[in-house]
Amino acid sequence: MELDVVLGGAGRLAGSVLTADGAPVRDAAVTLTDVRGEVVASTRSGREGGYVITELVAGEYTLAASAPAFRPAALPVSVQAARETRQDIELAGGAVLRGTVRAGGGRAVEDARVTLLDAAGNVVDTLTTGADGTFRFVDLSSGEYTVIAAGYPPVATVLQVAGGGRTERDLQLGHED
């Protein structure tokens, strides 16, 4: 004889992953962790942004969601026994900053170093422009930034030149990565 015993009845957690303006976020990773931080369940949001997690023990959890081009979000949620708890979660889109580094005459500068600073002057990211001089910083928080573009760092070399002789030396410009 087999007995299925469900203590207090399992709970369900359901809701939607949405953008700030209420649009559904499809195929977002949805994770539920317990108070110890251990993953209890994970799923993905459907075409309309909805998710469902079943067979949950009543208790306190952290619901987290993430998707490409959005900042991850997490919030506390209480699941009750033998009931469905509804909890939507909102993902804010990270801002994108892009541009082109140009020299005199409008020529795009390849391999220029572009540094992004936050309002406090901290370096957020540094990258090198592509062949077309473009740069792109993604997943930025709202706020004030400073962009610094620089060509190649100076290169110095010490050499001896003999009187009446001919000396030749090549210099290599580039960034150390």
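In table form, for the structure just shown:
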item	result
Nearest-0.05 FRET efficiency for residue 176 and residue 119, computed from C-beta distance (R0 35 Å)	0.80
Packing-based ranking, highest mean first, of 125-134, 159-168, 47-56 given that Cβ atoms within 10 Å are counted	47-56, 125-134, 159-168
Likely footprinting exposure, 45, 16, 142, 66, fewest C-beta neighbours within 10 Å first	142, 66, 16, 45
HN-Hα J in Hz across segment 44-50 - Karplus 6.51, -1.76, 1.60, θ = phi - 60°, x for Gly and Pro	10, 6, x, 4, 9, x, x
Phi-based couplings in Hz for segment 143-150 (Karplus 6.51, -1.76, 1.60; Gly and Pro marked x)	x, 9, 10, 10, 10, 10, 10, 9
Gained length - residue 12 relative to residue 168, 0.36 nm times residue gap less alpha-carbon distance	48.5 nm
Proportion of all alpha-carbon pairs of segment 11-91 beyond 17 Å (%)	38 percent
For segment 61-78, Karplus couplings with θ = phi - 60° (6.51, -1.76, 1.60), whole Hz, Gly/Pro x	9, 10, 9, 10, 9, 8, 7, x, 6, 10, 7, x, 9, 8, 8, x, 8, 9
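Read-outs: derived from the displayed coordinates by stated rules, not from any lab. Not measured: the values here are computed from a predicted model. Positions of Cβ are backbone-derived with ideal geometry, glycine not excepted, and every protein chain shown enters the neighbour counts.
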